[in-house]
Amino acid sequence: MKLNGCAAVVTGGASGLGEATARALAAEGVKVAIFDMNADKGEAVAADIGGVFCHVNVTSDESVDAGFAKARAAHGQERILINCAGTGNAAKTAGRSRETGEIKHFPLDAFNMIIQINLVGTFRCIAKSAAGMLTLEPMDDGERGAIVNTASVAAEDGQMGQAAYSASKGGVVGMTLPIARDLMSEGIRVNTILPGIFNTPLMNGAPQNVKDALAASVPFPKRLGHPAEYASLAVEMCRNSYFNGEDVRIDGGIRMAPR
């Protein structure tokens with residue numbers, strides 16, 4: 001796919017992996033719209049890359065519709081969608097309180113929240129973006145668009161307390177090939193990246209000794225991933241027209257331990 005001049009939407013594009021990808025696409029001449037809840041950061045990144053910011057909550061049909069309407073009014077129908085919006089939590093499925101011995105289980109509303117953001121929110125943006133891509137004329141190679149999703153290595157080797165997070169990311173992996181098959185006759189490709197431990201704003205909040213221990217657990221290179229490395233793979237998935245229906249780990253070879 002020829003990227004220069006295309007329009008793109010990056011969800012979660014105000015920081016971390018999404019921000020790095022938005023910047024990498026803009027450097028390729030792509031017109032980028034950022035979907036995010038953080039207006040201050042989103043507006044700043046959009047201004048820096050000559051893009052547009054759209055305040056979007058991926059759990060809301062109305063919010064996502066309004067975001068696509070604003071993005072398309074500014075840049076035209078997007079040919080690229082990068083789904084980076086997501087979050088996580090941690091709680092055992094069931095266990096005893098260390099302080100009181102009281103038995104508790106994972107709060108189901110907290111479980112559902114992660115599924116709604118990470119899995120349903122991703123599918124919501126895919127479905128609405130793909131419907132828009134169908135209105136485009138194919139490019140010279142028959143392509144109409146490319147979609148890249150973000151899962152996690154936790155989709156394959158989730159740790160203790162990650163039942164909700166792993167389920168949501170496993171769902172993203174599981175739907176990648178069926179969606180690619182749904183859209184194959186329309187020239188829309190779909191791929192998913194499974195990042196390992198990356199140096200994102202969320203990770204920056206951890207104590208240095210924790211970050212050092214995590215870095216040491218990576219086979220090679222023994223460090224946290226750089227968001228630009230994720231972005232490089234996302235851009236290649238868009239550029240390379242033979243990349244389709246794939247789920248690719250980018251993790252330095254790590255396999256997560258139980259805890």
By my count, helices (runs of 4 or more DSSP H) wholly in the range 45-133 with at least 2 residues that are aliphatic (A, V, I, L, M) and closer than 24 Å to I188 by Cβ are 61-75, 121-133
Restricting the range 200-226 to residues that are polar (S, T, N, Q) and more than 22 Å from the chain's Cα centre (by Cα), which is surrounded by the most Cβ atoms within 10 Å (Cβ to Cβ)?
S217
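Give the residue that is farthest from the chain's Cα centre (by Cα), with candidates limited to residues of the range 227-245 that are part of a loop (DSSP other than H, G, I, E, B) and surrounded by 15 or more Cβ atoms within 10 Å (Cβ to Cβ). It would help to see each step written out before you state the result.
From the range 227-245, those part of a loop (DSSP other than H, G, I, E, B) are 240-245; that's our starting set.
Still in the list and also surrounded by 15 or more Cβ atoms within 10 Å (Cβ to Cβ): 241, 243-245.
Numbers: S241: 20, F243: 17, N244: 17, G245: 16 Å.
Among those residues, the one meeting the criterion is S241.
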List every residue pair whose Cβ atoms lie under 8 Å apart, where the two residues are 6 or more positions apart in sequence or sit on different chains, the first residue falls within the range 205-233 and is among the basic types (K, R), and the second residue, located anywhere, is surrounded by fewer than 12 Cβ atoms within 10 Å (Cβ to Cβ) and assigned to a helix (DSSP H, G or I).
K222/A216
Search result, residues across the range 115-135 that are within 19 Å of R72 (Cα to Cα), surrounded by fewer than 18 Cβ atoms within 10 Å (Cβ to Cβ), of a type in the set (A, V, I, L, M) and touching a residue at least 12 places away in the same chain (Cβ under 8 Å)
L134
When restricted to I82, I49, the only residue touching a residue at least 12 places away in the same chain (Cβ under 8 Å) and closer than 14 Å to S129 by Cα is I82
Residue check for K31: surrounded by fewer than 16 Cβ atoms within 10 Å (Cβ to Cβ) and either touching a residue at least 60 places away in the same chain (Cβ under 8 Å) or within 21 Å of E229 (Cα to Cα) (or both)
no
Top-ranked residue in the range 142-181 [being in contact with a helix residue (DSSP H, G or I) (Cβ under 8 Å, 6 or more places away or on another chain) and without any contact (Cβ under 8 Å) to a residue 24 or more places away in the chain; ranked as farthest from R124 (Cα to Cα)]:
S166
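Read the figures in this text as sums done on the coordinates, not as results from a lab. Here the structure is a predicted model, which is why all the values come from computation and not from measurement. Glycine also receives a Cβ, built like all others from the backbone with ideal geometry; neighbour counts cover every protein chain displayed.
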